[in-house]
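Structure, as structure tokens:
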Amino acid sequence: ALRFLGITKDKKYADTYLSCLYDSSDRVVNSAAIALGMCRSEKAFNALINLKSKPSWKNQSLISALNGLKELGDERAVPFAMAALADNGSPHWTLATPVWDHRLAAAETLVSLGRTGEAYPLIFRQFKMAIEENNINDIFFNVQQVATLGEARGTEVFEILRMKFKEDANAMLAVNQYEQQFNDAIKRRQPAEVPAK
């Protein structure tokens, strides 16, 4: 029901969404946060920023806040999203369920705000550290973030991966899939060409 109402983008439902941010169900909270962002109510920004402090498992309140801010499109969310992107210490999901990781949600929020240029250096540093430590999970989690950002400088990541995994067919399959996702993200961000008359 919240998703359906959110599609309307009607501010008259903002108070309903705000009340649902206190629900015991993390799924309800996430749907309410997204709908609140979509309606662009003047109450949305502060409510979404404050949502981070609501206790939840594996930082789901922070993820919901970021999902809502992604829809809201308010530039004031950039420092909040950058802090979440840099936060490797707080509870988060493992590589098996990346969609529920606050760092990936932060990357998606920064994409929506057009601030991938600020996010990329941080992810690249984390990627290089994972390469040095040979931490496969962290390597590919950072690759997923690079693919999500679609920042052109990310081509250097795939050059490093091709050198590292050139003898590992399974790893190269994953590298190629992420590189395709990366290229698709770049294409989506490019302005459409106007057909010649």
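The values are calculated or read from the model by the stated rules, or taken from the named source; none is laboratory data. No experiment lies behind these values; they were computed from the predicted model shown. All Cβ positions, glycine included, derive from the backbone under ideal geometry; neighbour counts span all protein chains shown.
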- Item | Candidates 155, 109, filtered to the one that is under 21 Å from the mean Cα position of the chain (by Cα) and touching a residue at least 40 places away in the same chain (Cβ under 8 Å) | 109
- The correct count of residues that are crowded, with 22+ Cβ neighbours inside 10 Å and more than 18 Å from the chain's Cα centre (by Cα) in the range 40-76 is 1
- Task: Confirm whether residue 36 is at pLDDT 95 or above and closer than 30 Å to residue 117 by Cα.
- Result: yes
